[in-house]
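See structure below.
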Amino acid sequence: SLSGKTAIITGSTSGIGLGIAEELARAGADVVLNSFTDSDEDHALAEKIAKEHGVTARYIKADMSKGDECRALVEKAGGCDILVNNAGIQFVSPIEEFPVEKWNAIIAINLSSAFHTTAAALPGMRAKGWGRIVNIASAHGLTASPFKSAYIAAKHGIVGLSKTVALETAGQGITANAICPGYVLTPLVEAQIPDQMKAHNMDRETVIREVMLDRQPSRQFATTGQIGGTAVFLCSEAAAQITGTTISVDGGWTAM
Ligand code: NAD
């Protein structure tokens, strides 16, 4: 059980982050939800998780595109035992037309945020002699596709960051790993469909079957609960010697 452990999950008011928060809470962890919106729904979501799983659940606003807010999130939470760097955005465009501000935002939110939160969280983990850092990379952290230059650069980057943090914490009761999901049907994926339809000149069904799940041999989306379950496993005693590596949850994508 993870009872008595506090988990911060960045970008966790929807999609995979919310699925991870729910599974960690189900395993007994107190959870800190995060996004940049600070709406009534965000706080209600924390209340719902607290009630459902009998844990403490808080919502803390922080914009993961800003390094000082990333560090402040960890401070406001009072540190954490489990840090899940999940916040991420996507943008699809050929590199010549890729807007510079989109490149900068993707590198900041998908990669640099994890640098800042990890730096802020590690001293507390070292003091306790226990910690788990789970970075949500992607199959695109291990392989590439056209038109996603910033996302793929950031995801390869977070895999490298996970390895480096693993080496800097080895033997200290702390592990750092990256989960590499294939396609999980979430708002982020839903939002890519129109851009993919345009880039490939295909209708919705064809782009899902031929383009999106073309790389996923199972032809099935992974679920947010499955990603959450993998994060819970990485927090378990069985995973204490798993560090500096990646776990793919991709229906066979990276086997091809
Ligand atoms: P999503 O859009 O449903 O969720 C993204 C979350 O990040 C939201 O809660 C949003 O509020 C938050 N967020 C965005 N910008 C933020 C900011 N500046 N500050 C704080 N929070 C911010 O997307 P998702 O599909 O659940 O993606 C979550 C992670 O999983 C991302 O890192 C994504 O790259 C990764 N991933 C997703 C898939 C997939 O198929 N959905 C596959 C592989 C990896």
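Things to note:
Residues checked against (1) buried (at least 23 other Cβ atoms within 10 Å of the Cβ); (2) out of contact with any helix residue (DSSP H, G or I) (no Cβ under 6 Å at 6 or more places or on another chain); (3) over 15 Å from residue 115 (Cβ atoms):
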| position | (1), (2), (3) |
| --- | --- |
| 51 | no, yes, yes |
| 60 | no, no, yes |
| 67 | no, no, no |
| 75 | no, yes, yes |
| 81 | no, yes, yes |
| 85 | yes, no, no |
| 88 | yes, no, no |
| 93 | no, yes, yes |
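- Taken over segment 62-104, the criterion of being β-branched (Val, Ile, Thr) and over 14 Å from the mean Cα position of the chain (by Cα) is satisfied by 74, 92, 95, 100.
- For residue 28: the one exception among (1) touching a helix residue (DSSP H, G or I) at 6+ places or on another chain (Cβ under 8 Å); (2) within 14 Å of the ligand (Cβ to nearest atom); (3) of a type outside the set (A, V, I, L, M, F, W, C); (4) more than 27 Å from residue 141 (Cα to Cα): (2)
- Only one entry of 142, 83 meets the criterion of being closer than 30 Å to residue 171 by Cα, touching a Ser or Thr at 6+ places or on another chain (Cβ under 9 Å), in contact (Cβ under 8 Å) with a residue 60 or more places away in the chain and within 13 Å of the ligand (Cβ to nearest atom), and that entry is 142.
- Scanning segment 185-224 for residues that are under 20 Å from the mean Cα position of the chain (by Cα), in contact (Cβ under 8 Å) with a residue 12 or more places away in the chain and under 18 Å from residue 88 (Cβ atoms) gives 185, 186, 187, 188, 189, 191, 192, 212, 221, 222, 223, 224.
- The criterion of being over 20 Å from residue 178 (Cα atoms) and modelled with pLDDT of 95 or more does not hold for residue 10.
- The condition (being in a strand (DSSP E or B) and within 15 Å of the ligand (Cβ to nearest atom)) is satisfied by just one residue among 178, 108: 178.
- Residues satisfying the stated conditions in segment 220-231, i.e. over 16 Å from residue 193 (Cβ atoms) and part of a loop (DSSP other than H, G, I, E, B): 220, 223
- Taking every residue in segment 33-44 that is more than 17 Å from residue 113 (Cα to Cα) and in contact (Cβ under 8 Å) with a residue 40 or more places away in the chain and pairing it with any residue that is part of a loop (DSSP other than H, G, I, E, B) and more than 6 Å from the ligand (Cβ to nearest atom), at least 6 positions away or on another chain, yields no pair with a Cβ-Cβ distance below 9 Å.
The values are calculated or read from the model by the stated rules, or taken from the named source; none is laboratory data. Note that this is a predicted model, so its numbers are computed, not measured. When we count neighbours, we look across all protein chains shown, and the Cβ atoms used for this are built from the backbone with ideal geometry, even at glycine.
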